[in-house]
Each structure stands twice: as structure tokens, then as C-alpha cells.
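The block underneath contains the structure these notes are about, expressed in C-alpha cells.
The values are calculated or read from the model by the stated rules, or taken from the named source; none is laboratory data. Quick caveat, the model's predicted, so the values are computed rather than measured. Backbone-built Cβ (ideal geometry, glycine too); neighbour counts: all protein chains shown.
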Amino acid sequence: MIRECGRQGRAICQVVGERRQASLHCRRLNTASSALCSPSDDCLPDGAHTVIIGGGAVGCSIAYHLAKLGQEGVILLERSELTSGSTWHAAGLTALYHPTPNLKSLHYYSINLYSQLSRETGQEVSFHQPGSIRLATSPDRVDEFRFQMSRQGHKDAPQKLMTPEEIQEMCPILNTDIVLAGLFNPGDGHIDPYSLTQALATGARRNGAQLRVRAEVTGLQRRPQGGWDVHTKEGRVIRTLNVVNAAGFWAREVGSMAGLDLPLVPVEHQYIVTAPIPDVKRLKREIPVLRHLDGSFYLRQEREDCLVVGPYESPDTMKIREDWLTRGVPPGEGKSVSHRPHIWGVRGVTPIIRTDVTDGDSVHSAALEPEGFGKELFPSDVEKLSPHLDAAMELVPSLKTASVKSVVCGPITYTPDALPMVGPTLLPNMWLAVGFSYGIVHAGCFGRFLAEWLLTGEPPCEVIEVDPLRYGSWTDLPFTLAKVRESYGLNTAVTYPKEERFAGRPTRRVSGVYETLVQRGAHMGFQFGWEHPYWFAAAGGAADYCPSFYRTNWHEAVKREWELVMNNIGVIDLSPSAKFILSGADSFKFLQYVTANVIPPSEDVTRCRTVISHCLTSSGKVHSELTVTSLGEGRYLLVSGGSSELHDLRWLEDHARQGGYHVTLSNVTDSMGCLGVAGPRSAQLLDSLCEPGHFENFPFLSARKIVLGGVLVTALRISYTGELGWELYCDQQNLLKLYNRLMEAGQEHGAGDFGSYAMNVLRMEKGFRMWGSDMNKDTSLLEAGLGRFVKLNKGDFVGRTAVLQEKRQGLQRHLVTLAVNTDNVDPMGDESVHCAGKVGEMLE
Ligand SMILES: Cc1cc2nc3c(=O)[nH]c(=O)nc-3n(C[C@H](O)[C@H](O)[C@H](O)COP(=O)(O)OP(=O)(O)OC[C@H]3O[C@@H](n4cnc5c(N)ncnc54)[C@H](O)[C@@H]3O)c2cc1C
């Protein structure tokens, strides 16, 4: 069928660069469909609402969800055939379990979607849900499971702690002598990734999306009027409002077409498929998917008589494809694939390679080194899996006599923290859905997540851990490589509360006092590329990292620092805070509109004021928390959390552009340092470094420019500790000088260092909320108990309508403070709180 392709001269939307309004506008006016080509046309359309690059599980899921949400003009471009990257050869595991709170609910969405997809699309997806058991073979691991159980009560997906006997009953082929406990997740299982992708593609097409194969994207050009020109290999150009990069292990290259340097690394991952095993054939029902965490492998049943074993090698033995980073992914071998893709060359094991490990309907073998990538695999290296296979044979003794039917070794794309990058970049209308190391289970939920964000301009829920802007220019190649090695290699390591990882640190992003603080016994934490002090060892002691599920070795240090601030003076390096200077004719008007509190005017340099003001989403949730200080002459200093630097910058820039405000935002996070000084004697100390009386007489929430100990500082009378205190901002180059002056003069006042762990205790006691945990894009200011920061009478601002509605309807949730009496374990956040049959959740 050929539809009319004639009216190609105009893009579907008049691109105005306003992501949200434009996308909704397109949906409402329904202007998209008529001028577009059908998938069967031999010409590509030249206008689109959204072009998705990549037809793997992720790209197809985005197309499916955009189309299902009613968006027209959705075009997916795939260079080869659908599933030609990592998807076709994945082991297909789908897990409800995830250690981080936000991701649990997303996994839940994927599993629910997959269980009804066959019905909806008519495409069988071979979804098996025998459940999964994570196995503990060490006491620490049992503690980890108990810790995870304590955080599950308020979630949709149930999980259960199992005894070895219960595990044995479910999995009669196991040697449970080595097993101490198991964490059972009903609903977990595995799916055929190829069929899943085809089902999503079918659903996408049915709802109007166009999926074009053999359409390689070769260039991306930003259009001056907004939106993008997408160039294909055939020399065609598609004008589109949005571009989504979902190009799997090519995503780094596709990103570079738009000038992005994405921290993505291809890692080799292998799994083994056994020949039929009689003990497995005798099983009465499919065994749950097993994860032997201390042995670092997963194991699942394949059909009625085989097993799949997939190990994660250690940081030392894993293999990264660094050559792909320097020279690019080699070109595919370009063969046409009419049905299922085939596998190239496996060396060293029985060379029987099936095209699809789930169905196993045809066999192909070859012993060739791959020339390029697309539908190929790496040569296998079973030798380096030996320690894991030994552990597998100990767990499942019948593996000892089983033969290997095939080995699949393919590229998985890793980010430094092993989580995907999903969302908008700082380039308007350029979106990412890349870096999926678990892209089969994540395809469903992140397809929906990205589609909603793209259509409404706001993420549907808080998953800041996958925001692409959690990485910045400090994420260079050495850091990325070191982190990927650590993340893959420690894939199954015990995850402790307040988990810290040390590879690739420090980055070049260190403050002027970093070396000094380390010498003074600081235990440094990592935040958005920065090293910042968590706590300080006592004189003569060591600031070692000894994580535990029980009370930790830093507990006493934090108590000491808490006492220091409560009784004397504490000094803390706050340089990692995000800092922006806002200037321009509309700066006041802009802040009034994009934040919820009343903003002080900024004309008079002698009357500088500070206010806490929140950026709300249009649904009234808390996007960001800003400390806004008027500096005079229309300028403002905006300070927000270190880990949300680019996340907040993007939001401010987007709103400035969309609203046509005449403002300039400069990111001064690196060049401006900050020290916090807090405690009852802090005014005395600060007065001793300048003309006396300045700090004794310094009203709360005001700001002054002062020379302090020879350093020009902007001093804000505010402290997150809740005690008397100041934040002192100065040139990063002068930070050490300022610190030394404070410590020299502070000796007689009993001044000392404190870290962010003590700061957190102090602010909790005061009841100060923390953005990210106590309030975020899932929580409103009213729910967080911060209604006094919303000024509904000041005129219109983003989120005002939603706050008014929330006030009318009343609150369903409240944040309250709990005191927990305990002597050997401390609450970490996300614990379930049971009270009179109801369940709440602990935030921090
Ligand atoms: C051996 C192995 C086992 C795995 N097991 C699991 C598992 O059990 N569970 C799980 O959740 N995950 C698993 N994974 C990971 C999973 O396979 C990936 O996370 C997932 O397939 C990524 O999907 P994607 O759509 O992001 O990328 P891909 O599947 O790689 O798709 C990207 C697509 O983009 C296309 N493309 C690239 N460049 C262009 C261009 N310029 N123009 C047009 N098209 C382009 C490619 O041809 C490709 O089809 C496994 C991976 C491996 C290697």
C-alpha cells in the first residue's frame, strides 16, 4: 500500500523548541498523520514528531508507548533488522527485584506489560514466570536479604525469605548444603527477547508508528528553528521535533553525531546453554531462576531439559571492548536477515550454535572471527568462566556430567554505574534511552517512562538515578572505564547500606581543600564527580570504610562531629553544591514564575536577601530546591544540591527558553567554592576575621559581601545544620586560604571539621527536608509539610494550579518524623513502617 507522500515540505509541528507545549500541541491538533509515508513506502517521510534511532527492545518499546499514548508522527529507524544489536541474543531474564526503591515499581510495570502483551498483539513472547530465588551462601548475604525484606512491605511486588528446605522443595536439582537462605520473588522469570521486541513493534505499528528497517542514521543536525534534521545513509533527511537515541552499543557513535560524548562502554558477557540433562527433564515443574550471588552467576531452565548458566566475571577477568571506543563499532556484515538472526563463530566449545536459545528451532555453526557487528557474536572464552562454572557444578551437581550445547558471548552496554541513561539531554529535544545492561526487563518500563516524559515535559515519577545528566564533563574516559570494570565486576557483590565504590576516584573535580581534609582524616564520599567529606577519623585513627548492616565504624565519629556543631563550631566543605549566577532584565520575573516562594527583588547591593524556593512540576511535585540570594543589580546566586546540578540547570534553561525570558544562567559550580561554618560560637569566630560586630549583627536569611581573613566572600546567614551558621562563598582558588584562616582563628573557639553524615543528623533533628529523599518528583511540598514555602497569592507560577487542587482535595500522605530506639542498627531510609495494620515508608 502506498499512501500519498507528496506534502513533504513542512515538518509536522512548527518546531518552537518548547518541548512540552509543542508535543502536546501536536497531539491535540492531530496534524501529524496525513503527510506521512506508511512503513511499506519506499520513500522515507520528511517530517516527524519523534524519530527513534534503533530497533532493539528499548527503541521498539518507546515507539509502542508513544503510539499507544496517542502520539502521531512516530518513526523508528533501524539500520539493519529489528533486534540487530544486543537484544536478539540476551538471556531474557526479567526480575522484579532491584535494590533501589524507585526502580522496583518500574520493574513491576514491565512484568505486568509482558504478561499481557501476547494477548494484546497476537505475537507469542514466550514469557515464563516461575519466580526467582537469590541464594545466600554467606551470613552477610543473609543480612542483605533481611535488609531488603525490611524495605519491601509498602511495595506492590511481594518477596519472601526462604529456608534451604523450602528452596530444595522448589528446586530438587540443587545441592542446598551450601545455601543458608533465599530471597524468593514470585512473578520473576524470562522472556524471549526477540519475540518481545516483535510484539512491541507490532503494537507500535498497530497504533500508527512507522518502523523502518535498513534505514541507518548517519547524521544529526540541530535546526535553527528548533528540532532536528535526521540524515540517513540513503541521503534522505527527516525533519523532526524530537530525536531519541536508542542505538544500543552504537549509541556512543549516534550521540557524537549531535556532539554528545556519552559514557558508554561495551562489555563482553557470556552465557552457556547445556545439552539436555536427565535430572532436569525429570522435574515436574520449571525451577525458579536462580542467582547464586557469591558464585556470581545466574541459572535458569531452558525448555524442559536444558539449563542456561550466565556468569559475571571479576573486575580483573572481564573483558571491555576498548577498541570499539577508540575506533568505533566495526561495520556490520550486512547480510539480509529474513527471519531470525544467526550467530557467528564460537571457538573452543562444541560448535553447535542455535539461532534462538528460547525456541531453539534452527541450528547454525561457524568458526569465524566476526568481521563486524550487528547480528554477530564474539568468540567465546569459557576458560575464564571456570571459577563460576565450578560454583555452578557445586550448586547443581548434575551439571558435572552435562555437555555444553552452545555459548553466547555478546556485547552489553555499560554506564559507569550500570544504570541506563533515560531522558532529555541539555540539547533541546535530544533524548537518550541508552546504556542498558538489563535492557530486556527495562525496555517495557523505560519505554513508558520516556514516552510520558517526552509527551508531557515531565517525568511521570522520580527515577533520578537514570537521568542522563547525572554525568558531567568530569566523566572522562579513564573514569568511565574504571567504573564500568567495577560495576560489571561487582555485579553480584553484597550491597551494603551507604554503599561506596572507589574505582576512578578522585576525578579532576576536587575542591581547593580536598588534600588538606584528607590529611586531617576525612573519609571522602563521592558526589557528582566531587570528593566531599562524609566523616572524620579521630586524631591518630583511620578513616576506613567498613560497611555493615549493623552499626558502623563511623557512628562514633558522627556523634563527635554532631557535638562539635551543637557546642562549639564546625566547618564543612560545601563546594559540591550546584551554583548558578542568574542575571538579565527578566531575572526577578523569571524566578517568580519558575519557583513557588516570593523572590526578593535584586536591585540594591546593600540589601541582599536569601530565600528557599522550590521549582515545582506542573503536577505540583518538587522538581528542585533552590537557595536564592539576591546579589543586587538584577543578579541572583542560585544554590542547589550537588547531585542535581545539571538536572536543575536543564530545568531552568528549558523554562527560560520556553518562556522567552531575557536571562543568562552561568554555571559557576566549579569556580566558586563554599565553606559552611556552624555552631553557637561561629559568629565570634567570623567576627575575629573581619571588623568586629559584622556577624554578631547579621540577620537570618540575609547576605553580605565581606573580606574575611583576606578573602572576599559572599556570606549567607543560613545553615542546613539548623544551628547558628553561615555559608561562605568565594573563588575556589581562595578556598584553602579561607579554610586555613578559619581553622587558625578557630583554635581558641574549639572549631573543628565535620562531614555530611553529621550534617544530615543535624538537619533531620531540626526537621529540615532533604530534596531527593524527603521530597522529589513523587512528593508535593504540601505532603512534605512545606506549605509555608508556597505563596499562592503572588501570581502565577509553575505548579500553582496543582497546589490549589491538592489543597482542595486534601492530602493522602504526610511526612512525619519518627524517633527510632535502637542500639546496634540504624535505619537507612526506604524501610517499611508498620502501624496498626497500615504500612508507610521511611524516607531517610
Ligand atoms: C549475552 C547477553 C545476555 C543478556 N541477558 C540479559 C537478560 O537476561 N536480561 C536483560 O534484561 N538484559 C540482558 N542483556 C542485555 C540486553 O541484551 C540489552 O540491555 C538490551 O538488548 C539493549 O537493548 P537496546 O534496544 O537498548 O539495544 P540493542 O538491542 O543493541 O538495539 C540497538 C539497535 O539500534 C540499531 N542502530 C544502531 N545504530 C543505528 C543507526 N545509526 N541508525 C539506525 N539504527 C541503529 C542497531 O542495529 C540495533 O538494532 C544481555 C546481553 C547480552 C550480551
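Summary of values
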read-out: Pairs with Cβ under 6 Å, 6+ apart, first in region 248-274 and closer than 22 Å to LYS233 by Cα, second part of a strand (DSSP E or B) and away from the ligand (no atom under 13 Å from the Cβ); value: ALA258/MET430
read-out: Residue within region 80-93 that is at pLDDT below 95, away from the ligand (no atom under 12 Å from the Cβ) and either not assigned by TED's automatic domain parsing to the domain that holds ARG146 or not basic (Lys, Arg) (or both) present; value: no
read-out: Filtered residue count, region 414-461, keeping only those that are among the β-branched types (Val, Ile, Thr) and closer than 21 Å to PHE528 by Cα; value: 4
read-out: Selected residue (only one of GLY746, GLY750 is crowded, with 22+ Cβ neighbours inside 10 Å, closer than 23 Å to ALA543 by Cβ, touching a residue at least 40 places away in the same chain (Cβ under 8 Å) and not hydrophobic (A, V, I, L, M, F, W, C)); value: GLY746
read-out: Search result, residues across region 235-253 that are at positive phi and within 12 Å of the ligand (Cβ to nearest atom); value: GLY248
read-out: Any hit, region 41-48, residues being modelled with pLDDT of 80 or more and crowded, with 19+ Cβ neighbours inside 10 Å; value: yes
read-out: GLN210, sole failed condition from (1) more than 8 Å from the ligand (Cβ to nearest atom); (2) modelled with pLDDT of 95 or more; (3) surrounded by fewer than 19 Cβ atoms within 10 Å (Cβ to Cβ); value: (3)
read-out: Unique residue being within 11 Å of the ligand (Cβ to nearest atom) and surrounded by fewer than 17 Cβ atoms within 10 Å (Cβ to Cβ) when the list is THR232, THR163, THR218, THR197; value: THR218
read-out: Residue that is among the aliphatic types (A, V, I, L, M), surrounded by 21 or more Cβ atoms within 10 Å (Cβ to Cβ) and more than 22 Å from VAL605 (Cα to Cα), where the choices are ALA703, ALA678, ALA715; value: ALA678
read-out: Failed item in (1) more than 20 Å from the chain's Cα centre (by Cα); (2) closer than 21 Å to ILE272 by Cβ; (3) within 16 Å of the ligand (Cβ to nearest atom), with LEU117 passing the rest; value: (2)
read-out: Tally of residues being touching a residue at least 40 places away in the same chain (Cβ under 8 Å), touching a Pro at 6+ places or on another chain (Cβ under 7 Å) and under 21 Å from ILE75 (Cβ atoms) across region 437-462; value: 3
read-out: Members of region 807-820 found to be outside any loop (DSSP other than H, G, I, E, B) and closer than 12 Å to ALA784 by Cβ, listed by number; value: none
read-out: Strands (runs of 3 or more DSSP E) lying entirely in region 490-601 (those with 3 or more residues that are aromatic (Phe, Trp, Tyr)); value: 530-536
read-out: Subset tally (residues that are out of contact with any Leu (no Cβ under 7 Å at 6 or more places or on another chain), outside any helix (DSSP H, G or I) and within 9 Å of the ligand (Cβ to nearest atom)) for region 50-75; value: 2
read-out: Residue check for GLY187: without any contact (Cβ under 8 Å) to a residue 40 or more places away in the chain and not acidic (Asp, Glu); value: no
read-out: Strands (runs of 3 or more DSSP E) within region 132-242 that include 2 or more residues in the same structural domain as GLU286 (by TED's automatic domain parsing); value: 132-136, 160-162, 181-185
read-out: Matching residues, region 583-611, being out of contact with any helix residue (DSSP H, G or I) (no Cβ under 7 Å at 6 or more places or on another chain) and either buried (at least 24 other Cβ atoms within 10 Å of the Cβ) or within 19 Å of PHE700 (Cα to Cα) (or both); value: SER587, LEU591, THR595, PRO600, ASP604, VAL605, THR606, ARG607, CYS608, ARG609, THR610, VAL611
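This table checks each residue for (1) closer than 24 Å to HIS523 by Cα; (2) buried (at least 16 other Cβ atoms within 10 Å of the Cβ).
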position: LEU762; (1), (2): yes, yes
position: ARG769; (1), (2): no, yes
position: GLY772; (1), (2): yes, yes
position: VAL798; (1), (2): no, yes
position: LEU804; (1), (2): no, no
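The rows are residues; the columns are (1) at pLDDT 95 or above; (2) within 30 Å of ASP261 (Cβ to Cβ); (3) within 27 Å of the chain's Cα centre (by Cα); (4) away from the ligand (no atom under 16 Å from the Cβ).
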| residue | (1), (2), (3), (4) |
| --- | --- |
| VAL329 | no, yes, yes, no |
| THR350 | no, no, no, yes |
| ASP417 | yes, yes, yes, no |
| MET430 | yes, yes, yes, no |
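The rows are residues; the columns are (1) closer than 23 Å to SER548 by Cα; (2) touching a residue at least 40 places away in the same chain (Cβ under 8 Å); (3) among the charged types (D, E, K, R).
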| site | (1), (2), (3) |
| --- | --- |
| GLN116 | no, no, no |
| GLU124 | no, yes, yes |
| SER132 | no, yes, no |
| LEU135 | yes, yes, no |
| GLU144 | yes, yes, yes |
| GLN148 | yes, yes, no |
| PRO158 | no, no, no |
| PRO164 | no, no, no |
